[in-house]
Amino acid sequence: MIGVRVVQKVSSTRGFAKVAPHVIPALDRAVHRLTRGKVLLSAQLLPGVILTSTGARSGLPRRTPLACMPEEGGRGWILVGSNFGRAGHPAWTANLLAHPDAEISWQGRDIPVTARLLEGEERAAVWQAVLAFWPPYATYQARVARQIRLFRIVRRS
């Protein structure tokens, strides 16, 4: 699909990394609110969730629109802390490290979840799947010295 390739190419640029973090989440939050959780603009290209986590320092709820990679069988989702290829880890990753219990809005439903940082061989295997899912993540990783954090989130029972 040519449209996806163009978006992948654009999303790999440094200009996109500078502008997107200020524009895309704000648009996603606004549209998500206006449609009462039914529409997430960025999810028109990539699956997406609204993550509600607890602030690592503040303890306050924090809502963050994120692309995600749903896992087969609906057993969970992979969240990628790419921060659009910028130097620091995104704040939501620190929130999940401090408070793994969170909630996502997925396809109009609120789902309580627990997050786990992936490490070692498990992370390496999931990273390969993430790169097959959205190749620009390789460009983001090449641009930064830090290792991009990957989280698996699963439904809380």
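From the list R123, R152, R143, the one residue that fits, being modelled with pLDDT under 95, under 25 Å from R86 (Cβ atoms) and of a type in the set (K, R), is R143. Among the residues making up the range 91-135, those that are touching a residue at least 24 places away in the same chain (Cβ under 8 Å) and assigned to a loop (DSSP other than H, G, I, E, B) are H99, G108, L118, W134, P135. Please determine, by comparing only the residues of the range 141-157 that are without any contact (Cβ under 8 Å) to a residue 60 or more places away in the chain and not aliphatic (A, V, I, L, M), which one is most open to solvent (accessible area, probe 1.4 Å). Step by step, filter the range 141-157, then rank; the result is S157. Residues being under 14 Å from the mean Cα position of the chain (by Cα) and either outside the structural domain of M69 (by the TED database) or open to solvent by 70 Å² or more (accessible area, probe 1.4 Å) (or both): count how many of those fall in the range 104-132. Summing the residues that are under 14 Å from the mean Cα position of the chain (by Cα) and either outside the structural domain of M69 (by the TED database) or open to solvent by 70 Å² or more (accessible area, probe 1.4 Å) (or both) in the range 104-132 gives 1.
The residues of the range 42-52 that are open to solvent by less than 50 Å² (accessible area, probe 1.4 Å), among the polar types (S, T, N, Q) and out of contact with any Ser or Thr (no Cβ under 8 Å at 6 or more places or on another chain) amount to a single one, S42.
What are the residues in the range 142-154 that are more than 28 Å from E103 (Cβ to Cβ) and of a type outside the set (V, I, T), if any?
First, pick out the residues of the range 142-154 that are more than 28 Å from E103 (Cβ to Cβ): 142-145.
Scanning the range 142-154 gives A142, R143, A145.
Of all the listed residues (G59, G55, G74, G88), the sole one being in the same structural domain as R146 (by the TED database), surrounded by fewer than 17 Cβ atoms within 10 Å (Cβ to Cβ), more than 17 Å from the chain's Cα centre (by Cα) and at pLDDT 70 or above is G59.
The values are calculated or read from the model by the stated rules, or taken from the named source; none is laboratory data. Everything quoted here is computed from the prediction, not taken from an experiment. Here the Cβ is made from the backbone with ideal geometry for all residues, glycine too, and neighbour counts use every protein chain on show. Note: accessible area is taken over every heavy atom of the protein model, side chains too, but ligands, DNA and RNA are not part of it. Shrake-Rupley method; radii C 1.70, N 1.55, O 1.52, S 1.80 Å.
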